[in-house]
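Every read-out reported here was derived from the displayed coordinates using simple, explicitly stated rules and does not represent laboratory data. Keep in mind the model is a prediction, meaning the values are calculated, not measured. Note: ideal-geometry Cβ built from the backbone for every residue, glycine included; neighbour counts use all protein chains shown.
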Amino acid sequence: DGGITQSPKYLFRKEGQNVTLSCEQNLNHDAMYWYRQDPGQGLRLIYYSQIVNDFQKGDIAEGYSVSREKKESFPLTVTSAQKNPTAFYLCASSPEPGQYNEQFFGPGTRLTVL
Amino acid sequence: AQSVTQLGSHVSVSEGALVLLRCNYSSSVPPYLFWYVQYPNQGLQLLLKYTTGATLVKGINGFEAEFKKSETSFHLTKPSAHMSDAAEYFCAVIQAGGYNKLIFGAGTRLAVHP
């Protein structure tokens, strides 16, 4: 079955540590996105990538980094510079980013900083 | 800049009652509008979308939404609520001019009581 997988589902991190969240898709989509979700705030865009080896900052990129070395993979690293990283992180993808297509979402990773 | 406002962060209905979730948007260009549903600790699933054409859009699980340009609204309705409809619902608009960026509302949590 085609879809988006995110791992792990739950992640615990000590303050000062970097962690990497995985996102893989087998939908052959060109564009991929990372969102952060906090209660009562909807989803906010962290980074997006329209094509392999290219990505751009979203609205809240500070303290995060990404890579896009393969079409199907778009990992997100939460660095120690992120002041308040505890949140639910969602990865999404869409075909042909210029065509106003809907985005397809993964199941999410809940990150908790201890 | 485009934005989305969802009126009511929490809505409660009885099983079998009408569901009405409100969404208003601001956009300087013809909008592309979406409703997504999120069950606890899961990703977002597309309910329905409006791009062009018929202003009454039917989606999954018996939901529908009507695009009203004069009111800049895209309210979500379902004639008869079911217990399984309890979830959080997000309205979103695509930002014109680029990379398929979705602008989300803050979400409405729907509770269904027996």
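What length, rounded to one decimal in nm, is gained on full extension from residue A:80 through to residue A:13, with 0.36 nm per residue of separation minus their alpha-carbon distance?
Net length gain for the segment: 23.1 nm.
Using the Kirkwood radius over Cα pairs, work out the Stokes-Einstein diffusion coefficient for chain A at 37 °C and 0.692 mPa s, in µm²/s as a whole number.
Once the numbers are plugged in, D ends up at 234 µm²/s.
Find the centroid of the Cα atoms in region A:62-84 and in region B:74-96, then give the distance between the two in whole Å.
Here the answer is 30 Å between Cα centres.
Step through the residues of region A:101-108 one at a time and calculate ³J(HN,Hα) from phi using the Karplus curve (6.51 cos²θ - 1.76 cosθ + 1.60, θ = phi - 60°), rounding each to whole Hz and writing x for Gly and Pro.
7, 5, 9, 10, 10, x, x, x
What does a probe at residue B:68 reach in region B:21-42, counting residues whose amide N is under 18 Å from the point 7 Å along Cα→Cβ?
Flagged as within label range: B:21-27, B:31, B:33-35.
Just in region A:14-80: which trypsin sites (Lys or Arg not before Pro) are loop by DSSP and have at most 12 other Cβ atoms within 10 Å?
Those satisfying the criteria are A:14.
Could you tell me the center-to-center distance, by alpha carbons, between region B:46-72 and region B:8-28 in angstrom?
What the calculation gives is 13 Å, centre to centre.
How large is ³J(HN,Hα) for each residue in region B:22-38, as worked out from phi by the Karplus curve 6.51 cos²θ - 1.76 cosθ + 1.60 (θ = phi - 60°), to whole Hz, x for Gly and Pro?
Here the 3J(HN,Hα) series is 9, 9, 10, 10, 10, 7, 8, 10, x, x, 10, 10, 9, 10, 10, 10, 10 Hz.
Mind checking A:43-51 for the average number of partner chain beta-carbons within 10 Å of each residue's beta-carbon?
Average per residue, whole number: 3.
Which order do the peptides A:74-83, B:54-63 take when ranked by the mean count of other beta-carbon atoms within 10 Å per residue, highest first?
Highest to lowest by the protection proxy: A:74-83, B:54-63.
Rounded to the nearest 0.05, what FRET efficiency do residue B:56 and residue B:2 have when you use their Cβ-Cβ distance and R0 = 22 Å?
My answer for the efficiency is 0.45.
Translational D (Stokes-Einstein, µm²/s) of region B:12-114 at 4 °C and 1.567 mPa s when Rh comes from the Kirkwood sum over C-alpha pairs?
The estimated diffusion coefficient comes to 92 µm²/s.
Within 10 Å of each Cβ in peptide A:102-110, how many partner chain Cβ atoms are there on average? Round it to a whole number, please.
5
Per residue of region A:43-49, in order, report the coupling 6.51 cos²θ - 1.76 cosθ + 1.60 (Karplus, θ = phi - 60°) as ³J(HN,Hα) in whole Hz, putting x for Gly and Pro.
10, 10, 7, 9, 9, 9, 9
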